[in-house]
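Worksheet for the structure shown next.
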Amino acid sequence: MSKIHANGVTRDATPEEQAWLDALQTTYTNDAPNRKLAEIRKIRNQKLSETDYMALNDYTMPDYIKTWRQSLRDIPANNDSSKYDDLLKRDDKGNLTHSIWTQPTS
């Protein structure tokens, strides 16, 4: 049974409130893949924006960057929700560890 905290008072949730809280928790849990995909898209868009200048007329984008950018754009199509945790994995310093995020140098 959950506790309700309101106006400085703590009490047990009523059965109706508990049912509502349980449904809210289930909805939140079930939506985890969508939240992870949104985070993946945010990171992907940031990575793409970091190399957008290479698409300007006065710059010739190297093929390896074109390939990497296409790989970034293909992430949602090429990865299902079972792979989202791997894509979002970070090291002790908070850096993303999946190789897709590393911009190639050649």
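Annotations for the structure displayed:
- Conditions (1) in contact with a helix residue (DSSP H, G or I) (Cβ under 8 Å, 6 or more places away or on another chain); (2) among the polar types (S, T, N, Q); (3) surrounded by 13 or more Cβ atoms within 10 Å (Cβ to Cβ); number of the one not met by Q18: (1)
- Residues of the stretch 54-66 include at least one that is open to solvent by 70 Å² or more (accessible area, probe 1.4 Å), over 15 Å from the mean Cα position of the chain (by Cα) and either of a type in the set (A, V, I, L, M, F, W, C) or within 30 Å of A32 (Cβ to Cβ) (or both).
- Unmet requirement for L88, which otherwise passes all of (1) surrounded by 10 or more Cβ atoms within 10 Å (Cβ to Cβ); (2) out of contact with any strand residue (DSSP E or B) (no Cβ under 8 Å at 6 or more places or on another chain): (2)
The values are calculated or read from the model by the stated rules, or taken from the named source; none is laboratory data. Here the structure is a predicted model, which means the values were calculated and not measured. As a convention, Cβ positions derive from the backbone with ideal geometry for all residues, glycine included, and neighbour counts pool all protein chains shown. Remember, those area values only see protein heavy atoms, side chains included, never the ligands or the DNA or RNA. Shrake-Rupley method; radii C 1.70, N 1.55, O 1.52, S 1.80 Å.
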